[in-house]
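Data block below; observations after.
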Protein chains: 2
Amino acid sequence: MNTILSSSEATANLASASDTQKITRTPLPASKKAYVPSPNDPSIRVPMREISLTDGTAVTLYDTSGPYTDETVEIDVNKGIADVRSQWVLERNDTEQYQGREVQPQDNGHFDQDRGFQYYNDDLQRTPRRAIAGKNVSQMHYARKGIITKEMEYIAVRENQAREALSNEFTTDERNSRLKGNPLGANLQPITPEFVRKEVAEGRAIIPANINHTELEPMIIGRNFLVKINGNIGNSALRSSIEEEVEKLVWSIRWGGDTIMDLSTGKNIHSTRDYIVRNSPVPVGTVPIYQALEKVKGVAEDLTWEIFRDTLIEQAEQGVDYFTIHAGVRLHHIPMTVDRVTGIVSRGGSIMAKWCIAHHQESFLYTHFEEICHIMKAYDVSFSLGDGLRPGSLADANDEAQFAELITLGELTKIAWKHDVQTMIEGPGHVPMHMIKENMDMQLEHCHEAPFYTLGPLTTDIAPGYDHITSGIGAAIIGWYGCAMLCYVTPKEHLGLPNKDDVKQGIMAYKIAAHAADIAKGHPGARYRDDLLSKARFEFRWVDQFNLGLDPDTAREYHDETLPKDAAKVAHFCSMCGPKFCSMKISQEVRDYSADLKSAEIEAGMAKKSAEFAAAGAQIYVAQSE
Amino acid sequence: MNTILSSSEATANLASASDTQKITRTPLPASKKAYVPSPNDPSIRVPMREISLTDGTAVTLYDTSGPYTDETVEIDVNKGIADVRSQWVLERNDTEQYQGREVQPQDNGHFDQDRGFQYYNDDLQRTPRRAIAGKNVSQMHYARKGIITKEMEYIAVRENQAREALSNEFTTDERNSRLKGNPLGANLQPITPEFVRKEVAEGRAIIPANINHTELEPMIIGRNFLVKINGNIGNSALRSSIEEEVEKLVWSIRWGGDTIMDLSTGKNIHSTRDYIVRNSPVPVGTVPIYQALEKVKGVAEDLTWEIFRDTLIEQAEQGVDYFTIHAGVRLHHIPMTVDRVTGIVSRGGSIMAKWCIAHHQESFLYTHFEEICHIMKAYDVSFSLGDGLRPGSLADANDEAQFAELITLGELTKIAWKHDVQTMIEGPGHVPMHMIKENMDMQLEHCHEAPFYTLGPLTTDIAPGYDHITSGIGAAIIGWYGCAMLCYVTPKEHLGLPNKDDVKQGIMAYKIAAHAADIAKGHPGARYRDDLLSKARFEFRWVDQFNLGLDPDTAREYHDETLPKDAAKVAHFCSMCGPKFCSMKISQEVRDYSADLKSAEIEAGMAKKSAEFAAAGAQIYVAQSE
């Protein structure tokens, strides 16, 4: 069982060179990568996306897309993307390189020695690092010691999106006071490195950043920062290949995914993860129990602490940044699910419930929780404490089982923090709108303001095929209420595995939700992009309207369906009203007129003005040919 | 200009017989039309949709799709659908038939006598009725006299969705109290005819039901009823044909559109409307100023009260059920829009603003408002008081111009009610989440609880191509807060005219929003469909899950992409986890076990139970081949 294939045997199944060609590499329209240096340390260069507008200006945006949108960077997915932070890790002088755990055939779901690994790739192997005995390498540990890490410096620049360089032409006192947002308790302000440190130290934010994921562009998850979104990818027992999964990763981050979770099941989980982590500039999360289950051939009751522990180390060595661990499913919670309409729908939750019942014991995740913390802090893997008892339908929302588990997760958070292990809390699921607030309030109270990370929630169950929308509604609302990260749901939820287009639809719905939440909270500068786009729309700068949007390609395509000619892209009208009449056009005329129009004059009803306006009026329409 | 073509000349351009074949006529999967009689008057038969489930039961749902989904009904779009309510109108004995206004070439945008009408169709002409001099035929007028009309009886049956016939197997005291909803001031209860009457009498609800639209299946719009959605259709100067528009109507109502607005511009507006009204079982709304503008060749300042009045009568005679009238745009409001980022974006609003400025006068819609009321009550056309100054971007949300107009609309509502004219109020537009509540509160206060009818609102401006989602979020929220009808936005908003698929995407997003709102409010029985679907999902009744959903076709298609075989539709697993492990399956096992599991036993840790569970456990997985 311990035999490893020689690399020559293994490479027969390598992802081929052509796979790299399948990876989307073009920048977004009119966009280029801008590297913004930290004022405190110019060696820290934060990638942002700079969009050139047709009026000669440019705007800089937060950018999750990594080196894939930088045309000057060469990428070979069989080797992995460039290192960003190994020097930072080394400089801290608290880690050691060591001969990692030997990879085994069953890590990839192979139990027959003759079958070997598919896709095993020497070029993706790294010698792992871990904390020197007695050391703790978590960002929370440094933060609590008062140390501002390079990751924190990086994040301070990144979260501010270079906004201070922009003069806000939309600002008026009236508008600022009217639109200021309702943060509902969030502490929103321009982000400094010290603020980042403090938030991490106090547990309100996490920086998922395994020391073995050196390709990472650091980011932060917390209620006082921009709302983040996660995209789930991963092959399954039934379909999909490693190549597709790497492209799904690239595709997710191209459209704005802040983290990705690799939820692979079935064969080749280990090697798929090699590809994903080595090629990911965003944090990678996993649910280690999925792989552990494969190692016991799918028989939940055969799981053991030892197998699970070994899987944690395997994945920590590869560089996984956060682990979903369903340690909150306790034995006495299980009967609370009996009268539910949809029982236990979390895969991890049901695995653990099955194990608990079979063994009539508390789960090894719960009983070995402190040992898990020891592993986490040796690599700086963050907890994503899983909600194994989340509701699977509106009927089960906010019930006894759900909240009992949430309270347990709060207790576990305290234990994790005792070890300076970064922790966020997973949440539902399916919750009607009027019950979302209770979820957020309960989480803040019982989990001590650790970041909340929810799946949706779906606000109705009647729309299979459209659950990116049913859940996008709930996600926007809970994001406003204080949820730090929103796990996307694709249109295929409940029906099948998402393809590339489904991934994009899910990401789009969730970028909308996250941004709508940032605006409602009043995150400084969140509305700037809206105002720029609205101004471009009003001024008929069609190309700018497309390019400032979340999805320039689709916007352009929709426009061209009805007004395909190039001339139409500079036309002062659109297909809704046609060339003869246009409310935007007339409205600009109104503005010109009104500039001269004093209230007193209106009341006096000056005949002269009236005649002037009438004379000028006949000229305001612009025909298509003009 | 007054010459009408002979019908033989006109029929050369008739919609051809094949057009009827383009109309979607199949029932939804596993569905048939059920006509539910009123207990008070069995001659009133309310069409509902009955879905047969695979367990032998059936469920009855509210149905907007009209006779098109009743296979036993023959339909020829060149003749119009069957009469529903002319007998009810006649029985009231307060109307007269009269020789209506002569249709003129410019009604269809033709100014050259030689061109004639396209699509003019004798078979769609009806001799109009109007109130006998001195009578008022509005539903509000009857309601205030204490009369329960047939329309009100019909609506009482319709709104209750035959729910009382269903035993709610999901009901538990715990669940009912936990999920009861938060109506935020709405008065939710089982609907009786007397309740319908009272709501209409007091102005909190309207029944758009022109006496000349006898094909109508009556429905109600009000905060204490199910939240409704509107779909906009209509040809424009640039594209689309009458045939496409009728199919868009049928398509909109098939997926759940409660009303439609015909926003046609350009040529053939009158004849397009003939087709739409005569073939529509749902209320039809229009913006009469659009057609009036065509009659003056697009020159806003050439509009006159006389042309507008003539257009109102023309459309009232055809049977339009509600008119959007932008009478709230007052001269002194216009300078309030000068500092906006996007000025005036309502087409009607900008037309009137242009007119006001050109003439330096209050608009004829405002100065002639009482005369408009006289027309409305002679046909029972309802007001939809237009928000001509709605914000066109987040930056302009809730500003002085918007709320000044809203207050004017409240004053006009009082005038309309003096004439017993039914009235609803249109609302924005573009509003960030945290400012939506203020919109609803202001509207309720200043418009005296007249129904609110909003476009979205869009909660961010950065996603052209996805505005069904940016606005679906706002629509769900404002629906919960008390908005009575949600005007859909399609993915093409701001970019082009919607095609059939866009219409469906818009309707779907808005059905989701409306239903999520009904659930949040706690509308009695709203959650029943969710629970049925969730139960079907949990029990792996795939076909029931598809058929209970808003869009069975898409759900089935998505499922079949990953699990195409027929066998998979009865499989006790899905493509997310595959056949080997399934959380739904394991959860059912947990339920079986837990039924025997007493808390005391858990605490005692009974070894015997544990052994039993372990022995049984190995059998719980169902392989695909089984």
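None of the figures in this text is laboratory data; all of them are computed from the coordinates on show. Being a predicted model, the structure only gives us computed values, none of them experimental. Neighbour counts run over all protein chains shown; Cβ positions are idealised from the backbone, glycine included.
Using 0.36 nm per residue and subtracting the Cα-Cα separation, the extra length available between residue B:43 and residue B:123 on full extension is 26.1 nm. With a threshold of 19 Å on the Cα-Cα distance, the over-threshold entries among A:492/B:521; B:22/B:79; A:267/A:377; A:228/A:504; A:295/A:354 are A:492/B:521; A:267/A:377.
Distances between copies of residue B:411, taken at a point 7 Å out from Cα along the Cα→Cβ vector and listed shortest first: 6.4 nm. Each peptide among B:342-349, B:475-482 gets the average number of other Cβ atoms lying within 10 Å of its residues, and from highest to lowest they stand as B:475-482, B:342-349. Averaged over the residues of peptide A:519-529, the number of Cβ atoms from other protein chains lying within 10 Å of each residue's Cβ is 3. Taking all C-alpha pairs of region B:184-223, those more than 12 Å from each other amount to 64 percent.
The Cα atoms of region B:60-158 give a gyration tensor whose axes a ≥ b ≥ c have a/c of 1.5 or more with a/b no greater than b/c, which makes the shape oblate. Each peptide in B:192-198, B:533-539 receives the mean, over its residues, of other Cβ atoms within 10 Å, and ordering these scores from highest gives B:533-539, B:192-198.
Note on A:545-558: average number of Cβ atoms from other chains within 10 Å of each residue's Cβ is 5. Here residue A:185 yields copy-to-copy label distances, from shortest upward, of 2.6 nm, the label point defined as 7 Å from Cα along Cα to C-beta. Treating region A:392-441 as a set of equal point scatterers at the Cα positions, no solvent, please give the Debye-formula log₁₀ I(q)/I(0) at q = 0.29 Å⁻¹. Each listed q corresponds, in turn, to -1.11. Take residue A:74, push a point 7 Å out from Cα through the beta-carbon direction, and compare it with the same point in every other copy: 7.5 nm, smallest first. Relative contact order of region B:428-473: 43 percent, from C-alpha pairs under 8 Å at least 6 residues apart in sequence. Shielding value for A:289-298 is 1, the average number of Cβ atoms from other chains within 10 Å of each residue's Cβ.
For residue B:324, nonlocal amide neighbours, meaning residues 5 or more places apart or on other chains whose placed amide H falls under 5 Å from its own, are B:286, B:287, B:384.
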